[in-house]
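To keep things clear, I will list the structure first and then write my remarks on it.
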Amino acid sequence: MLSIKRSSPALGVEVEGIDLASQLTPDQFEAIRTALLENQVLFFRDQVLTPDEQKAFGLKFGKLHIHPAPLGVLQRHPEVIVIKADETSSRIAGETWHSDVSCDAEPPMASILYLAEVPPIGGDTLFASMYAAHDALSDSMRRFLSGLTAIHDGSRNYEGRRPVSGPDHEFPRAEHPVIRTHPETGRNSLFVNRMFTTRIVQLSEHESGTILEMLFRHVENPAFQCRFAWKPGSVAFWDNRCTQHLALWDYFPHRRLGYRVTICGDQPFYRP
Ligand code: SIN
């Protein structure tokens, strides 16, 4: 149904022959949904999306998420985060491995990033499969981690930003299973990330720090990854429930500009 080209053995496919701004037929919608569940991240080229069209595409998959502390949003479109870097930037969004807003009690299920401007070279995004990371752990380590929970704290990454609601300096904080079961595929994946996860609740501080560092390094194994080289008009659509990603900032002082729409998710759970 869809023409697809695999990006790496672990995850990712490039999808051809679809205009995301158009009214998708039920078959097209189902094919995209299935491709996302099977491949964890989808890439599209040569798209032209207005904010309303990007939101309409996202809304087909669920309610849109409002970021608790965005670096920037589009005027009159609070659901559209501006992802921008140029010669004035001192930091960019997403430079550490993460799953989007995992500090929310119900973290987003997926994100859709559309880049309008890209640097002459660089600015790729790396994606990693947390199914692959989970499956590569030894049976003993998986048994040890199953049933453990960890704190994901927004203040770790959002410090210095203003929360969009609630008292100043209060960012979301949530406790989630270290191994999470995907609500649609039923597969288990590793759900801790360097950007937000601060502590495994059932371990001492020392034990937690050591195990988390081991897991953060495990997640970074290139065998679990694919790497996407953007062009103007490219779109990446990733499933936050089973992937992590990292934006490379190797193009300073050049400009990179895009827009992200994020789809609400549900409370993570673990089923052995
Ligand atoms: C993000 O959503 O974390 C940013 C990804 C990117 O800019 O490539």
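Every number here is computed from the coordinates shown, using simple stated rules; none is lab data. No experiment lies behind these values; they were computed from the predicted model shown. We place every Cβ from the backbone using ideal geometry, glycine too, and count neighbours over all the protein chains shown.
For this structure, a couple of remarks:
- Any chance residue 71 is assigned to a strand (DSSP E or B), touching a residue at least 24 places away in the same chain (Cβ under 8 Å) and surrounded by 15 or more Cβ atoms within 10 Å (Cβ to Cβ): no
- Some residue of segment 138-147 being within 14 Å of the ligand (Cβ to nearest atom), buried (at least 18 other Cβ atoms within 10 Å of the Cβ) and under 22 Å from residue 240 (Cα atoms): no
- When segment 190-242 is limited to residues that are in a loop (DSSP other than H, G, I, E, B) and among the β-branched types (Val, Ile, Thr), the one that is surrounded by the most Cβ atoms within 10 Å (Cβ to Cβ) turns out to be 192.
- Candidate set from segment 252-272 (those that are within 12 Å of the ligand (Cβ to nearest atom) and among the β-branched types (Val, Ile, Thr)); member that is nearest to residue 102 (Cα to Cα): 262
- Residue count for segment 60-85, restricted to those that are farther than 18 Å from residue 237 by Cα, of a type in the set (A, V, I, L, M, F, W, C) and within 14 Å of the ligand (Cβ to nearest atom): 4
- Scope segment 220-251; condition of a type in the set (A, V, I, L, M, F, W, C) and within 15 Å of the ligand (Cβ to nearest atom); matching residues: 226, 228, 229, 230, 235, 236, 237, 238, 246, 247, 248, 249
- Test: residue in segment 102-125 that is touching a helix residue (DSSP H, G or I) at 6+ places or on another chain (Cβ under 8 Å), closer than 15 Å to residue 40 by Cβ and within 13 Å of the ligand (Cβ to nearest atom): yes
- In summary, strands (runs of 3 or more DSSP E) completely within segment 1-58 and bearing 2 or more residues that are hydrophobic (A, V, I, L, M, F, W, C), within 19 Å of the chain's Cα centre (by Cα) and buried (at least 21 other Cβ atoms within 10 Å of the Cβ) occur at 13-16, 41-44.
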